[in-house]
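In what follows, a single structure is set out as structure tokens and then discussed.
What follows draws every value from the coordinates through simple rules; no lab data is involved. Everything numeric in this text was worked out from a predicted model, so none of it was measured. Glycine also receives a Cβ, built like all others from the backbone with ideal geometry; neighbour counts cover every protein chain displayed.
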Amino acid sequence: MGCLGLLLLILVTLPVLFGLIFLNIITISFSKLGLSAEAAFMLLFAMLLGGTINIPVSRQRIAYRSVRPYYLHFFFYSPPAVTHQVITVNIGGAVIPVCFAFYLLPLAPLASTIVITAVVAIVAKWLARPVAGRGITMPFWIPPLFSAGLALLLSRDNPAPVAYISGVLGALIGADLLNWPNFKKLGAQVISIGGAGVFDGIFLTGIVAALIA
């Protein structure tokens, strides 16, 4: 096999390898939360499928914004002027993780879960930044460190559910819901909460938090 063939093999196998590692990490995290391998696979499949579905929840008028046309050789595209903004919620990246968090709630001590969720929400709100053209940006790894660390301190007997619940709900409240008034500043026609599906900060925060705990 020549150098070109070896390079092509690496380019093909690396994404598959990283994908398998990512899926395995998610499965391990779900198993820490008490799910069987079959249930973890079904939940992950539902999240992957739900990542393609957005539910509109709000529509608001924003300042008129004209978007510059795109020119690329023979390609020309003139985006429509944005006058209204639709806010949606992604099924796989927000709705299912939140429903799973409430499903785990009976397994977690309520008082410590509420306290940790509030702390994570404050941290997420402090870190989150509205960036025009990109959405609400935040280093996703900091909220799970807070949720997992506090869960290990305040709920040593069963920290994984507490870490997952506080990570998911804290990230959702702090990064998205508390930044709702800033959505207009983004100038986007569509805002999707949890829109990146299994790669969204809400989903990843819960997974990483449960894995650390």
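Fully extending the segment from residue 57 to residue 31 would add 6.1 nm, taking 0.36 nm per residue of separation and subtracting the current Cα-Cα distance.
Straightening the chain between residue 48 and residue 118 buys 22.4 nm, computed as 0.36 nm per residue apart minus the Cα-Cα spacing. Here, P(r) means the percent of Cα pairs in each 5 Å bin from 0 to the largest distance; for the stretch 137-187 it is 4, 21, 25, 18, 13, 9, 6, 3, 1, 0. Efficiency by 1/(1 + (r/R0)^6): what FRET value for residue 177 and residue 84, r their Cβ-Cβ distance, R0 = 25 Å, to the nearest 0.05? According to the calculation, E is roughly 0.75. For the stretch 110-151, the C-alpha radius of gyration divided by 2.2 N^0.38 Å, with N the number of residues, is 1.29. Modelled spin labels at residue 190 and residue 105, positioned 7 Å past Cα toward Cβ, are 3.0 nm from each other. For residue 192, the residues whose modelled amide H falls within less than 5 Å of its own, excluding neighbours fewer than 5 places apart on the same chain, are 88.
In terms of packing, defined here as the mean over residues of other Cβ atoms within 10 angstrom, the peptides 202-211, 25-34, 98-107, 154-163 line up highest first as 202-211, 154-163, 25-34, 98-107.
Could you tell me whether the stretch 92-135 comes out rounded, prolate or oblate from its Cα gyration tensor? Rule is a ≥ b ≥ c as square roots of the eigenvalues, rounded for a/c under 1.5, then prolate if a/b exceeds b/c, otherwise oblate. The shape class here is oblate.
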